[in-house]
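Working notes, beginning with the structure itself.
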Amino acid sequence: MSGLLLGTGTAILTPPLGTPLAGYGADRPASEVLDDLELRAFWFQETAEAEARAVCLVTADILGFTESLTTAIRAELTERFDLAPDAVLLAASHTHSGPQTCENMSKAGGPPVPDVLRTLRQRLVTAVGEARGTLRPVTLHVGHGHLEGYAINRRVLVNGQAVMAPNPEGARDDEVLALSCRDAEGRIAAVLFHYTCHPTTMGDTRITGDYPGAARRHVERAFEGACAGFLPGCFGDVRPACTLIGGKRFRRGIPDDVAVFGEALGAEVVRAVQASGPPLQPSLSARTDTLALPLAKESEQARLTLQRLDLAETLRLIALGGEICVDYGHFIKGLDAEGVTVPVGYTNGMVGYICPARLFPEGGYEPDTSHPVFDLSSPFQPAIEEIIHAGIRRLMA
């Protein structure tokens, strides 16, 4: 029977004041640091008699990792650490209160600043090296929780057309998943927590990791010495429930909203970790696929990256490279009734908004008007849902 080794690394990614922030469609120079943007690296290695297998997960408080940035980072990690490119998963929290990191999203805050990308790559590689150099035996566990009242669907039908407004009856996913590692003394060494809500609580020029950063800090305080990372769910059409009185319109959040949301999520993650099940049998593997998604403009396509990363015989991640709507998360979770399959959006690429077919007749931002933000010539076709489902099923086979 094989065992599991884990190493972790950390880095600060906060850019200088004056750096343009991205995510709200305007060039907004950063005026203040509400809290630091951070990165966490998790190196898992199997201790089997055969050749040891390894995978690496990186979580970062940034808008996104594009396909080109992912390719460059993977190539550097392969050269330095002999790590297979498919075995690297890069997950962005998608905070809208950080610098631009996506060259195909210049309409959401201007082009990336070269020094910001250079620093990101350097510190990421250093953190992965730190993780590789701190391996120790651990056991892997899964815990389940629930957090209701903090996330809400943002699409409402008005006269048959979708507008961006609070929809308490709309689709969302309030499940909290906590993947935790315990060392030989039983202490919590690492936590990867998963939740489904856009990190768009704030909306001004203050740098912040938003609620995922606040939740991470809560978890790391609760488990002294632990390293915690946020795995973003499929929250393309789900956002924080910051509304004006009456609940009919959204409002911009304030720092107290970030703190309250983060503390609530962090507390539920801690509870889920403490109630986790028995150790899982490690089984590390990874593979990727690329799908061609048809655009409405005839003969044009865009590339969506998929990745399957297994941590145990009954635990795997399915990662998708775009702003994935919540329907896909529910689809992925339902594919394996006996194990745990975690849907992770905003990974390894930022192709655009990926909507289910049912949203296209309703129109609105996600299916109809978001495409220019990602430098796409036209919206996607509804057929993408069937293509993506088939691709995910192939990865799961």
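Obtain the nm distance between the two label points defined at Asp86 and Glu300 by a simple spin-label model: each point lies 7 Å from its Cα along the Cα-to-C-beta direction.
According to this spin-label approximation, the distance is 3.2 nm.
Give a residue-ordered list of calculated ³J(HN,Hα) values for the stretch 217-224 (Karplus: 6.51 cos²θ - 1.76 cosθ + 1.60, θ = phi - 60°; whole Hz; x for Gly, Pro).
These are the phi-based 3J(HN,Hα) values: 5, 4, 5, 6, 6, 5, 10, 4 Hz.
Which angle from 0 to 90°, rounded to the nearest 10, does the C-alpha axis of helix 114-132 make with the longest principal axis of the chain?
30
What does the charge count around Val142 come to, taking other residues whose C-beta lies under 14 Å from its C-beta (Lys +1, Arg +1, Asp -1, Glu -1)?
Working: positive: Arg182, Arg271, Arg316, Lys333; negative: Glu175, Asp310, Glu313, Asp336, Glu338.
Residues near Val142 contribute -1 overall.
Taking every alpha carbon pair in the stretch 174-224, what does the distance histogram look like in 5 angstrom bins from 0, in percent?
Per 5 Å bin, starting at zero, the Cα-Cα P(r) for the stretch 174-224 comes out as 4, 17, 23, 21, 15, 11, 5, 2, 1 percent.
Note down, for the stretch 2-134, the three equivalent ellipsoid semi-axes (square root of 5 times each alpha carbon gyration tensor eigenvalue), biggest first, whole angstrom.
Values: eigenvalues 188, 41, 24 Å².
For the stretch 2-134, the ellipsoid semi-axes come out as 31, 14, 11 Å.
How far apart, in nm, are the 7 Å Cα→Cβ label points at Gln274 and Asp115?
Label at Gln274, label at Asp115, 4.5 nm between them.
To make sure I understand, if each residue's beta carbon is the centre and we count other beta carbons within 10 Å, what order do Ser283, Ser180, Ser276 fall in, fewest to most?
Numbers: Ser283 17, Ser180 26, Ser276 20.
Fewest to most other Cβ atoms nearby, the residues stand as Ser283, Ser276, Ser180.
What are the equivalent ellipsoid semi-axes of the stretch 139-274, built from the alpha-carbon gyration tensor (square roots of five times its eigenvalues), in whole angstrom, biggest first?
Details: eigenvalues 187, 50, 22 Å².
Computed over the stretch 139-274, the values are 31, 16, 10 Å.
Ignoring solvent entirely, what values of log10 I(q)/I(0) come out of the Debye formula for the chain at 0.10 Å⁻¹ when each Cα is a single scatterer?
-0.60
Where a Cα-Cα gap under 15 Å defines reach, which aspartates and glutamates qualify for Lys333, not counting those fewer than 8 residues away within the same chain?
Hits, sequence-local ones excluded: Asp173, Asp174, Glu175, Asp310.
Counting other beta carbons within 10 Å of each residue's own, what order do Leu13, Leu34, Leu90 fall into, fewest first? Please report the intermediate quantities before stating the final value.
Numbers: Leu13 22, Leu34 18, Leu90 26.
Starting with the residue having the fewest Cβ neighbours, the order is Leu34, Leu13, Leu90.
Taking R0 as 45 Å, what's the FRET efficiency between Ala397 and Leu157 from their Cβ-Cβ distance, rounded to 0.05?
Values: r = 37 Å, r/R0 = 0.82.
The value I calculate is 0.75.
Choose one of Gly213, Leu179, Gly233: the residue whose Cα lies farthest towards the positive end of the charge dipole of the stretch 171-235 (beta-carbon charges +1 Lys, Arg; -1 Asp, Glu; about the Cα centre).
With unit charges placed on the Cβ atoms, the residue in question is Gly213.
Between Ile387 and Thr290, what is the label-point separation in nm under the 7 Å Cα-to-beta-carbon projection?
Taking the simple label geometry, Thr290 and Ile387 are separated by 1.4 nm.
Counting other C-beta atoms within 10 Å, which of His389, His218 has the fewest, and how do the rest follow? Please list the in-between numbers first.
Numbers: His389 15, His218 21.
In increasing order of surrounding Cβ atoms, one gets His389, His218.
Quick one: which residues, 5 or more positions from Ile152 or on another chain, have an amide H under 5 Å from its amide H? H modelled 1.01 Å from N in the peptide plane, none for Pro or chain starts.
The answer is Arg239, Ala241.
Given the convex hull over the Cα atoms of the stretch 312-394, what projected area results after averaging over all orientations, in nm²? Can you show the working numbers first?
On the way: hull surface 22.7 nm².
With the hull built on Cα positions only, its mean projection is 5.7 nm².
Top mean-square fluctuation among Gly160, Gly262, Gly334, Gaussian network model of the chain, C-alpha springs under 10 Å?
Ranking Gly160, Gly262, Gly334 by mean-square fluctuation puts Gly160 first.
Of all GluC sites (Glu not before Pro) in the stretch 1-107, which ones are in loop regions per DSSP and have a Cβ with at most 12 other Cβ atoms within 10 Å? Don't skip to the answer; put the middle values down first.
Working: sites: Glu32, Glu38, Glu46, Glu49, Glu51, Glu67, Glu76, Glu79, Glu103; in loops: Glu49, Glu51.
Answer in residue order: Glu49, Glu51.
To the nearest 500 deg cm²/dmol, what mean residue ellipticity at 222 nm is calculated for the chain from DSSP H runs of n ≥ 4 alone, each contributing -39,500 (n - 2.57), summed and divided by the residues? Each step should come with its number before you reach the end.
Working: 6 runs with 88 residues, N = 397.
It lands at -7000 deg cm²/dmol.
For every other residue with a beta carbon closer than 10 angstrom to the beta carbon of Tyr211, add +1 if it is Lys or Arg and -1 if Asp or Glu, then tell me the sum. Please report the intermediate quantities before stating the final value.
Working: positive: Arg216; negative: Asp210, Asp257, Glu263.
Once positives and negatives cancel, what remains is -2.
The numbers here are math on the coordinates, done by the rules we state, and not lab data. Predicted, not measured: the structure shown is a model, and the values here were computed from it. Neighbour counts are summed over all protein chains in view; Cβ atoms, including those assigned to glycine, are modelled from backbone coordinates with ideal geometry.
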